[in-house]
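Notes to accompany the following structure.
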Amino acid sequence: MMNCKQNRVLFCCVIEPKIAWINAAVLLVRSIRQYGAAFASSPFLLIVNSDNDTTSNVSLIDEKQLYIIKQPRQIYPYSNKISALDAVDLFNFDYMVMLDHDTLVLNLSDLTDYLVQKVHARKNLKHGLRHGLGKNYIQAFTGLGLNSWKRVPYFNSGVVIVPRRYCKILNQCWMGWTNSLLSSFLGSVLIEQVGFGIAIHDAKIPYDYLPQKYNETNWKMPSGNAAIIHYNDYDPINITVKREMLNSYDRFYTFLNQSDNRFWNTYAERISLLLDSELTALSEEIGTLLNAR
C-alpha cells in the first residue's frame, strides 16, 4: 500500500488511451499543481482503460506523485469510473476526489470545507432525465424495485468527493445499480450518474451538495470565481474542444486566445498559463507509455 496519508486527498481520473483524453488529463494534473493551494502536491491517480487483458499494476511517473494504473476495459462508459474506488486497497488517503477528465482546477483554497464524513457532489436537476432516458424511465425504475425515486438525490458525477470509509460500500452498491440499469437503458451515458444517486440512497450514505463553483459547467453565465470548471458536452463547442482542440496544446492555446465563447473567455488567461513545454513533455511521455491513439 502506498503511503499518501500526509496528503489526505487522492485525486483520481479515468480516461481512454487517446491523445485528446491524455492531454486533457495531464492538463488537469497541471491545474491542480498550479492552483490546488494546500492540495497542490497531493497524489493523482490516472486510471487508463486498456483494450488488452491486463492486471492493475501501478506505475509512478517521476517525482510528481502521478500514478498510472491500466485496467481492463469494462462496459465503457458505464462502470469504469466506479472501479476507481478500488484504489482504497492501494493507497492511504482520507478522501478521494474523483474528477472527469474534462475538468480543470482553478482554486481549491476552501476544499477543506468539504472534507467531512459525507459524500459530496453537485446537485443535478432530474427533469433532464426524461429526455436522456425516455419518458417512461420512472416506470422502468419501479420494475427494478426502486419505488422511492422522489427521495433519491441526483448528482452530476463530474466532481465527487468520497470519504475513505464509504469507498467500498459505494463501489459495491454503485456497480450493482448501474449493472441493473443496463437492461433498460443500455446506450445511455447517464446510467452511471443515475446509479450513483440510487447507490447513495440505497446504502444510506450521508451526503451533501457541492456548490456550483466546484463543478461549474457552461450552461449558464460563468461566475468568474470557479473552483473547478467542467467543460462537458452541453455546449457543442466543448465537443469540438474535447475531440479536436485538445489533440494539440498549440491548437488549444490558439483556441483559448481566439474564441469569443463566454465560458472559455472567462478562464482563458489562467488556463493559458498552464500550457508550456513541461506540460507537453509529460503528455508525450504518458502517451508513449500507453501507446495512445
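Quick look at the values:
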quantity	calculated
Where Lys150 falls short, out of the listed (1) touching a helix residue (DSSP H, G or I) at 6+ places or on another chain (Cβ under 7 Å); (2) surrounded by fewer than 14 Cβ atoms within 10 Å (Cβ to Cβ)	(1)
Filter result for the condition that a residue is modelled with pLDDT of 95 or more and surrounded by fewer than 18 Cβ atoms within 10 Å (Cβ to Cβ), over Gln34, Gln6	Gln34
Only listed residue being hydrophobic (A, V, I, L, M, F, W, C) and either within 15 Å of the chain's Cα centre (by Cα) or within 16 Å of Lys81 (Cα to Cα) (or both), chosen from Met175, Met221	Met175
The range 205-242, residues that are under 27 Å from Gly134 (Cα atoms) and basic (Lys, Arg)	Lys220, Lys242
Odd one out for Thr266 among (1) surrounded by 13 or more Cβ atoms within 10 Å (Cβ to Cβ); (2) of a type in the set (Ser, Thr, Tyr); (3) within 30 Å of Leu60 (Cβ to Cβ)	(3)
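One line per residue, one yes/no per condition, for (1) more than 16 Å from the chain's Cα centre (by Cα); (2) of a type in the set (Ser, Thr, Tyr); (3) more than 29 Å from Leu108 (Cβ to Cβ):
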| position | (1), (2), (3) |
| --- | --- |
| Ser180 | yes, yes, yes |
| Ser183 | yes, yes, yes |
| Ser188 | yes, yes, yes |
| Gln193 | no, no, no |
| Ala203 | yes, no, no |
| Leu210 | no, no, no |
| Lys213 | no, no, no |
| Thr217 | no, yes, no |
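Here's the yes/no breakdown for (1) out of contact with any Lys or Arg (no Cβ under 6 Å at 6 or more places or on another chain); (2) part of a loop (DSSP other than H, G, I, E, B); (3) surrounded by 13 or more Cβ atoms within 10 Å (Cβ to Cβ); (4) not β-branched (Val, Ile, Thr):
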{"site": "Phe196", "(1), (2), (3), (4)": "yes, no, yes, yes"}
{"site": "Ile200", "(1), (2), (3), (4)": "yes, no, yes, no"}
{"site": "Asp208", "(1), (2), (3), (4)": "no, no, yes, yes"}
{"site": "Pro222", "(1), (2), (3), (4)": "yes, yes, yes, yes"}
{"site": "Ile271", "(1), (2), (3), (4)": "yes, no, yes, no"}
{"site": "Leu279", "(1), (2), (3), (4)": "no, no, yes, yes"}
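The values are calculated or read from the model by the stated rules, or taken from the named source; none is laboratory data. Every value quoted in this text rests on a predicted model; they were computed, and no experiment measured them. Counting neighbours? That spans all protein chains shown, and the Cβs are built from the backbone with ideal geometry, glycine included.
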